[in-house]
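A.B. asks: Okay, here's the structure, questions in a sec.
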Amino acid sequence: MTVLGIDPGTATVGYGVVGPGGPGRVGRLIECGVIRTSPRAALPQRLRSIHEGMLDLLARHEPDAMAVEDIFYGSNARTTAVLGHARGVILLAGASAGVPVFEYPPAMVKKAIVGRGSALKPQIGFMVAKLLGLKTAPTPADAADGVAVALTHLMRGSKRASR
């Protein structure tokens, strides 16, 4: 099973494509990186860039599933609302491509990868590298987070697809 994992954001969307692993491995890293938007662009243009980047990833990799990190509810309501817009275009891209979409809360991703729901970004990167047998953690950290979301889906195998 090939999984596209997504760490959503409006400035930077982290992604990781993970395929079946060999003996003793959870998975195999196929590609990871980030979709960056221009900080000077208006929100609609940023959302279009994210959507186009997602459609490109989905077309290139034809994943069997897409796993997306859910919204982290912080103290800033505006930030949460804007992140919701980014998640919306990401979910739309997956649905448009006919790929089953699964959502995971941030604490569940951290717990699946590190063993505790309050793990820090460096810990996630370190464990992603260990789980995949990489010499170093994927960079930037947003890419490692996208890979972590994909690995969470492979390890948890959730049946909760978005509708």
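Readers should treat all values here as calculations from the given coordinates under stated rules, not as data from a laboratory. As the structure is a prediction and not an experimental result, all values here were calculated from the model. With ideal geometry, Cβ positions are generated from the backbone for all residues, glycine too; neighbour counts draw on all protein chains shown.
A.B. asks: Stick to the Cα atoms of the chain, pair each with every other, and give me the Kirkwood hydrodynamic radius in Å at one decimal.
C.D. replies: 15.5
A.B. asks: Quick one: compute the contact order of the range 82-147, relative version, from alpha carbon pairs under 8 angstrom and 6+ residues apart, as a percent.
C.D. replies: With pairs under 8 Å counted, the relative contact order is 17 percent.
A.B. asks: In debye, nearest 20: dipole of the chain around its Cα centre with unit charges on the Cβ of K, R (+) and D, E (-)?
C.D. replies: 360
A.B. asks: Still on this model: Explain nothing, just the number: relative contact order of the chain, from Cα pairs under 8 Å at least 6 residues apart, as a whole percent.
C.D. replies: This gives 33 percent for the chain.
A.B. asks: Rank these for me by crowding, LEU92, LEU151, LEU47, LEU120, going from fewest to most other beta carbons within 10 Å.
C.D. replies: The most exposed by this proxy come first: LEU120, LEU92, LEU47, LEU151.
A.B. asks: Further question: Can you find, among MET155, SER38, LEU4, the residue farthest towards the positive end of the dipole of the chain? Put +1 on the C-beta of Lys and Arg, -1 on that of Asp and Glu.
C.D. replies: So the residue furthest toward the plus end is MET155.
A.B. asks: Add +1 for every Lys or Arg and -1 for every Asp or Glu among the other residues with Cβ under 10 Å from the Cβ of THR152, and state the total.
C.D. replies: For residues surrounding THR152, the net value is +2.
A.B. asks: Using a Gaussian network model of the chain whose springs link C-alpha atoms within less than 10 Å, name the residue from PHE72, PHE102, PHE126 with the highest mean-square fluctuation.
C.D. replies: Of PHE72, PHE102, PHE126, the most mobile in the Gaussian network model is PHE72.
A.B. asks: Between SER96 and MET1, 0.36 nm times their residue separation minus their Cα-Cα distance comes to what?
C.D. replies: 32.2 nm
A.B. asks: Using a 7 Å offset from the Cα along the Cα-to-Cβ direction at both ARG36 and ARG116, what is the distance between the two label points in nm, to one decimal?
C.D. replies: Result for the modelled spin labels: 3.3 nm.
A.B. asks: Exposure proxy check: THR136, THR152 ranked by fewest other beta carbons within 10 Å?
C.D. replies: Ordered by Cβ neighbours within 10 Å, fewest first: THR136, THR152.
A.B. asks: Let me ask something else. Show me the three semi-axes of the equivalent ellipsoid for the range 12-88, from the C-alpha gyration tensor (sqrt of 5 times each eigenvalue), largest first, rounded to whole Å.
C.D. replies: For the range 12-88, the ellipsoid semi-axes come out as 27, 16, 10 Å.
A.B. asks: In what sequence do LYS121, LYS110, LYS130 fall when counting other Cβ within 10 Å, fewest first?
C.D. replies: Least to most surrounded, the residues fall as LYS130, LYS121, LYS110.
A.B. asks: Assuming 0.36 nm per residue, please report the length gained on full extension of the stretch MET155 to ARG48 beyond their Cα-Cα distance.
C.D. replies: Length difference between fully extended and current span is 35.4 nm.
A.B. asks: Another question, if that's okay. Calculate, in nm to one decimal, what ALA59 and HIS85 gain on full extension: separation in residues at 0.36 nm each, minus their alpha carbon distance.
C.D. replies: Full extension from ALA59 to HIS85 adds 7.2 nm.
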